[in-house]
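To start, the structure itself, in structure tokens.
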Amino acid sequence: MPAQIIQSNETPFNTVAIDPVTLEVIENALRNARIEMDATLVRTAMSPGIREQGDAFPLIADSKGRMIVGQFGSYIGPFLDGFDGTVEEGDLIFLSDPYSVEGAISHSIDWLVLMPVFKDGRLLAYTSMFGHMSDIGGKVPGSMPIDATSIFQEGVRIPPIKIWKRGEYNEDLIKLVMHQTRTPDWCKADLNALIAACRVAARRVVELCDRFGEDVYASATDLLLDRNHRAMQTLIETSVSEEKVSFEDYICDDGMGYGPYKIRCTMWRENGRVILDFEGTDPQSKASINFLLNENMMKMFFGIYMIMVFDPQILFNDGFYDLIDVRIPEGSLLKPKFPAALSGRTHALGRLFDILGGLLGQKTPEFLNAAGFSSSPHLFYAGTDKNGKWFQLFQIGFGGIPGRPLGDGPDGHSLWPGFTNVPNEFLERYFPLRIERYETVSDSGGPGLHRGGNGINMVYRFLEPGVIAIHDDRWFVPPWGVNGGEPGARARKLLVKNDGTEIILGNKLEDYEVEAGDQLHFVTWGGGGWGDPLERDPELLAVELEKGLVTVQGALRYGVVLTDGAVDSSATDALRAKMRADRDGDLPTFNFGPDIETLRANCLAETGLPAPKQPQW
């Protein structure tokens with residue numbers, strides 16, 4: 001049964017007229033409150049994943065649970081529908097189990113807190129935040145076993161429960177939860193940081209109501225939602241056709257020797273609404289690469305993509321949800337059945353953005369982005385140092401952003417724009433390792449009029465024996481180019497032992513033992529290129545050669561001949577003329593590289609790794 005909202009004052013909000021200046025003030029005050037949530041979090045959290053990289057996402061919603069500002073869209077509606085309890089003043093709800101909230105959070109290591117905001121006995125809003133914990137127990141350090149076959153192997157699962165109930169703190173609950181983790185100090189600090197961020201935002205909402213009045217505040221949030229609805233309705237009508245278009249992309253493997261796994265989506269406009277139908281997506285995996293995709297989250301992904309591509313000035317919120325219908329087959333990779341493992345869902349989550357780009361760009365190729373850094377590569381390193389102290393690192397790697405209509409993809413960046421890298425000085429201070437190289441990988445970005453961003457090579461020297469785990473993708477199926485652009489380079493991982501022996505590692509592995517002195521080359525992939533490489537300014541290639549972004553050999557893929565660092569104009573003109581003459585027809589809208597069977601046949605020779613086997617269901 002749905003949650004019961006307890007209010008001592010049930011007076012409904014009145015709709016009142018609001019002048020544009022007041023609306024602008026309230027909108028930007030809420031934007032700032034969201035930023036203040038992030039600032040509070042990073043100043044209070046302890047784990048590097050949250051404090052240094054910002055792997056946490058805030059939300060401020062109205063009294064009905066609709067997101068006004070935030071990141072992933074509101075999960076409050078599904079929560080309220082499934083929470084068999086009361087929501088009262090002084091409550092603060094804590095949860096981590098994806099299956100208990102229909103995938104509103106998508107793996108158990110994301111801890112979420114939700115705070116109802118009351119004033120004078122009346123519910124005004126909700127504030128919420130979730131963050132990626134360093135460890136929640138389970139079979140491996142970091143609690144994200146890529147080879148898990150059940151969610152029960154992935155650590156403690158927390159159903160929606162009140163950590164604060166009518167202002168009273170449930171200390172025993174926290175003791176119980178922290179007893180499950182290998183890093184209780186970090187997890188407790190990070191949880192308190194999530195709570196502090198929610199309290200800060202709640203205070204700002206109450207202050208806005210004190211300043212303008214509850215009716216003005218409620219009416220303003222309604223207007224912001226309505227404005228977003230109208231803007232998205234226009235974008236849909238002008239950018240989405242009634243004719244069906246389909247697109248598919250792949251997750252390379254599941255870490256257990258099988259792959260690739262297909263994600264397929266068909267999109268069309270019907271009666272003013274967008275339909276996103278994932279029929280044709282592969283069945284769920286036995287491993288943990290499944291992604292329990294909440295329909296509202298997918299709606300927000302679609303909205304964010306539309307807004308950022310077509311009209312970045314729009315404040316995205318939940319106002320457009322009724323304009324989108326998301327259909328996901330039960331038992332598929334994106335709607336696995338309990339108790340399927342979920343901890344490795346990052347790759348499917350990121351791949352959805354490539355798929356959205358492929359869908360939306362077919363009718364408007366001028367807005368099309370290539371495939372890019374659509375994942376968050378993870379490195380885990382854990383063990384006991386010479387002083388008997390436990391250490392445990394979780395770090396997110398960066399790579400090449402795709403070539404875009406307006407320019408090159410950034411080099412060595414994150415899928416999530418708000419993420420930042422962990423400073424090398426921090427890593428070397430708190431973990432027994434040394435960062436020996438942190439550099440762009442020349443030529444790894446796909447050639448194009450606008451080059452795909454380069455991946456990076458981060459070289460770790462381990463100073464203590466321990467175990468590592470790697471979660472990465474795009475090592476088998478390359479990131480594609482568009483409008484004549486070429487695919488980016490694939491990811492690879494290399495371990496160099498103390499005696500000089502080189503071992504090619506898989507891009508998904510668990511509990512791999514390393515010794516003191518071993519060196520890991522963690523190489524991420526590049527973004528696909530955009531547009532005809534032969535149209536790129538040759539002088540730009542000369543600058544990029546100097547900066548180490550391309551090599552002399554790599555410049556030849558653009559038809560540019562560089563001699564002693566300078567452009568050889570006559571040789572370049574001749575080479576480009578020959579390359580154009582050798583082309584067979586028009587340049588393709590999508591350049592996926594070789595087909596899957598060719599990739600399988602060439603996999604060992606090209607990557608040093610055996611090809612993944614076709615999954616069996």
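The values are calculated or read from the model by the stated rules, or taken from the named source; none is laboratory data. Bear in mind that the values here come from a model prediction, so they are computed numbers and not experimental data. No Cβ is skipped: glycine too gets one built from the backbone with ideal geometry, and neighbour counts run over all protein chains shown. Each accessible area value is taken on the protein alone, full model and side chains, heavy atoms only, with ligands, DNA and RNA left out. Shrake-Rupley method; radii C 1.70, N 1.55, O 1.52, S 1.80 Å.
Expected output is a single nm value to one decimal: the length gained when fully extending between residue 35 and residue 239, i.e. 0.36 nm times separation in residues minus the C-alpha distance. What is it?
Taking 0.36 nm per residue and subtracting the Cα distance, the gain is 70.3 nm.
State the dimensionless ratio Rg/Rh of region 491-617 (Rg: radius of gyration of Cα atoms; Rh: Kirkwood radius).
A ratio of 1.07.
To the nearest 20 debye, what charge dipole does the chain have about its Cα centre, counting +1 at the Cβ of each Lys and Arg and -1 at the Cβ of each Asp and Glu?
700
Compute the semi-axes of the equivalent ellipsoid of region 299-359, taking the square root of 5 times each eigenvalue of the Cα gyration tensor, and list them largest first in whole Å.
25, 14, 10
Any idea how many Lys pairs in region 493-617 come in under 27 angstrom at the alpha carbon, given 8 or more places apart or on separate chains?
Lysine pair count for region 493-617: 5.
Could you give the dipole magnitude of region 459-558 about its Cα centre, charging the beta-carbon of Lys and Arg +1 and that of Asp and Glu -1, in debye to the nearest 20?
Value, rounded to 20: 160 debye.
How large, in percent, is the carbon and sulfur part of the accessible surface of the chain at a probe radius of 1.4 Å?
50
As a test of understanding, state the convex hull volume per residue of region 242-360 from its alpha carbons, in Å³.
103
Relative to the longest principal axis of the C-alpha atoms of the chain, give the angle of the C-alpha long axis of helix 596-607, reported between 0 and 90° and rounded to the nearest 10°.
The answer is roughly 70 degrees.
For region 422-489, take the convex hull of the Cα atoms, compute a quarter of its surface area, and give me that in nm², please.
5.9
Tell me, what is the per residue accessible area of the chain in Å², probe radius 1.4 Å?
39
Based on DSSP, what percent of beta bridges with both residues in the chain are antiparallel, to the nearest 5?
Percentage antiparallel, nearest 5: 90.
Excluding residues on the same chain fewer than 8 positions from residue 244, give the aspartates and glutamates whose Cα lies under 12 Å from its Cα.
Partners within reach: 270, 277.
Which value, in Å² rounded to 10, gives the accessible area of residue 234 with a 1.4 Å probe and all protein chains present?
80
Could you work out how far the C-alpha centroid of region 132-172 sits from that of region 186-213, in angstrom?
23
I'd like the Kirkwood hydrodynamic radius of region 169-283, using the inverse of the mean 1/r over distinct C-alpha pairs, in Å.
19.9
Using a basic spin-label model with each label point 7 Å from the Cα along Cα→Cβ, how many nm lie between residue 603 and residue 86?
Going by the 7 Å Cα→Cβ label model, 5.7 nm.
State the label only: which of [x] 25.2, 77; [y] 24.9, 82; [z] 26.3, 89 corresponds to Rg and Dmax of the Cα atoms in Å computed from the shown model?
[y]
Top to bottom by accessible area (1.4 Å), largest first, where do 88, 439, 171 land?
171, 439, 88
Could you sort 270, 52 by accessible area so the largest value comes first, with the probe set to 1.4 Å?
270, 52
For region 146-157, what does the Karplus curve 6.51 cos²θ - 1.76 cosθ + 1.60, with θ = phi - 60°, yield as ³J(HN,Hα) per residue in whole Hz, taken in order and with x for Gly and Pro?
So the Karplus estimates, Gly and Pro as x, are 5, 9, 5, 10, 7, 5, 5, 8, 9, x, 5, 10 Hz.
What order do 262, 547 take when sorted by accessible area (1.4 Å probe), most exposed first?
547, 262
Which angle between 0 and 90 degrees, to the nearest 10, do you get for helix 184-212 versus the longest principal axis of the chain when only C-alpha atoms count?
60
Could you report the accessible area of residue 24 in Å², rounded to 10, computed with a 1.4 Å probe on the protein chains as they sit in the structure?
Counting only protein heavy atoms, residue 24 exposes about 100 Å² to solvent.
Compute the length gained on full extension between residue 515 and residue 574: take 0.36 nm times their separation in residues and subtract their Cα-Cα distance, giving the result in nm to one decimal.
Computed gain between residue 515 and residue 574 is 16.0 nm.
Using only Cα positions of region 244-303, each an equal point scatterer, no hydration layer, compute I(q)/I(0) via Debye at q = 0.14, 0.26, 0.30 Å⁻¹ and quote the log10 values to two decimals.
-0.47, -1.17, -1.31
Go through region 416-485 and name the trypsin sites (Lys or Arg not before Pro) that are in a DSSP coil and have 12 or fewer other Cβ atoms within 10 Å of their Cβ.
none
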